[in-house]
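Comments concern the structure below.
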Amino acid sequence: DDTKPGDVEPSTDVTVYDDVLYFDDEETSVGRKLNLVLNLKNAEENVRAFQCDVCLPRGIEWEMTTDQYGNEVLKEPAFNTERTTLSYHNISCSKIDRRTYRIIVSANNKNSIHGLAGAILTLPLSVSDDMEGGDYNVFIKDVTITTIDVQQTVIPVVTSKISVADFNVGDVNKDRVVNVTDIVAIVSYMI
């Protein structure tokens, strides 16, 4: 369901979980790109794979790119090089519906995801120019974390918040672009 600005649920307290995927609360503004960092907290260094569905609010979209055939496709999340790397881990990202995306990460062979806490992936997002400013929820649903010995942790939903400002800092003339014309406007104001 769509949420209105300010109509948000509290962010999930991730300290109550031994193993959990989560986003930190973020701040951005309209018309901007946003790199949303997906974190994993795990009790032991034995997580082999995870799957989750990321549900974005209307107005925040996944960045798109063009494949070798000229088709528009989802831009793949970037691995965090401290915990995950392209040589040891596989990633799959697909669109489930208009605002929900499924992410699957698995380790090659018997490798595990390195470390016990921190960033796993960076998700490339963009905020629409006409998005209303305010607080919005981002949900990670159907979280499944699997260990090397095939034990699973399942969490129905993890909630975080994105605060969207309806202005861009430095965009003095409000044309949605920060450039030299904003400097001219500031100098004119000061004179």
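The values are calculated or read from the model by the stated rules, or taken from the named source; none is laboratory data. Not measured: the values here are computed from a predicted model. We place every Cβ from the backbone using ideal geometry, glycine too, and count neighbours over all the protein chains shown. Surface areas here come from the heavy atoms of the whole protein model, side chains and all, with no ligands, DNA or RNA. Shrake-Rupley method; radii C 1.70, N 1.55, O 1.52, S 1.80 Å.
Only strands (runs of 3 or more DSSP E) wholly contained in the range 1-68 count here; list those with 3 or more residues that are among the hydrophobic types (A, V, I, L, M, F, W, C) and touching a Cys at 6+ places or on another chain (Cβ under 6 Å).
Values: elements: 20-23, 26-29, 33-41, 47-55, 60-62, 64-66.
Filter on the range 1-68 gives an empty set.
Which count do you get for residues in the range 69-84 that are in contact with a Pro (Cβ under 6 Å, 6 or more places away or on another chain) and assigned to a strand (DSSP E or B)? Quick ask: steps written out before the conclusion?
The first filter runs over the range 69-84 and keeps only residues in contact with a Pro (Cβ under 6 Å, 6 or more places away or on another chain), leaving 75.
Next cut, assigned to a strand (DSSP E or B) only: none.
Residues meeting the conditions: 0.
Take the range 58-81 and flag every residue that is charged (D, E, K, R) and in contact with a Leu (Cβ under 7 Å, 6 or more places away or on another chain).
Listed by number, the residues that qualify are Glu61, Glu63.
Of all residues in the range 81-98, count the ones that are crowded, with 16+ Cβ neighbours inside 10 Å and at pLDDT 90 or above.
Adding up the residues that qualify gives 2.
Inside the range 85-110, can you point out the residues that are part of a loop (DSSP other than H, G, I, E, B), under 18 Å from Met64 (Cα atoms) and in contact with a strand residue (DSSP E or B) (Cβ under 7 Å, 6 or more places away or on another chain)?
If the condition is that a residue be part of a loop (DSSP other than H, G, I, E, B), under 18 Å from Met64 (Cα atoms) and in contact with a strand residue (DSSP E or B) (Cβ under 7 Å, 6 or more places away or on another chain), then Arg99 is the only one that fits.
Go through the range 127-157 and give me each residue that's within 17 Å of Ile104 (Cβ to Cβ) and among the charged types (D, E, K, R).
Lys141, Asp142
Look through Asp2, Asp67, Asp19, Asp13 and report the one residue that is modelled with pLDDT of 95 or more and surrounded by fewer than 18 Cβ atoms within 10 Å (Cβ to Cβ).
Answer to the check: Asp13.
Among (1) under 15 Å from Ile103 (Cβ atoms); (2) under 14 Å from the mean Cα position of the chain (by Cα); (3) of a type outside the set (S, T, N, Q), which single condition is Phe50 missing?
Single failed check for Phe50: (2).
Among the listed residues Asp135, Asp182, Asp171, identify the single one that is in a helix (DSSP H, G or I) and either at pLDDT below 95 or within 22 Å of Leu34 (Cα to Cα) (or both).
Answer to the check: Asp182.
Of the residues Ile155, Ile140, Ile113, Ile162, which single one is within 20 Å of Asn90 (Cβ to Cβ), in a strand (DSSP E or B) and either in contact (Cβ under 8 Å) with a residue 24 or more places away in the chain or open to solvent by 30 Å² or more (accessible area, probe 1.4 Å) (or both)?
Numbers: Ile155 fails: within 20 Å of Asn90 (Cβ to Cβ); Ile113 fails: in a strand (DSSP E or B); Ile162 fails: within 20 Å of Asn90 (Cβ to Cβ).
Answer to the selection: Ile140.
Among the residues of the range 70-80, which ones are open to solvent by 50 Å² or more (accessible area, probe 1.4 Å) and touching a Cys at 6+ places or on another chain (Cβ under 8 Å)?
Across the range 70-80, the qualifying residue is only Glu76.
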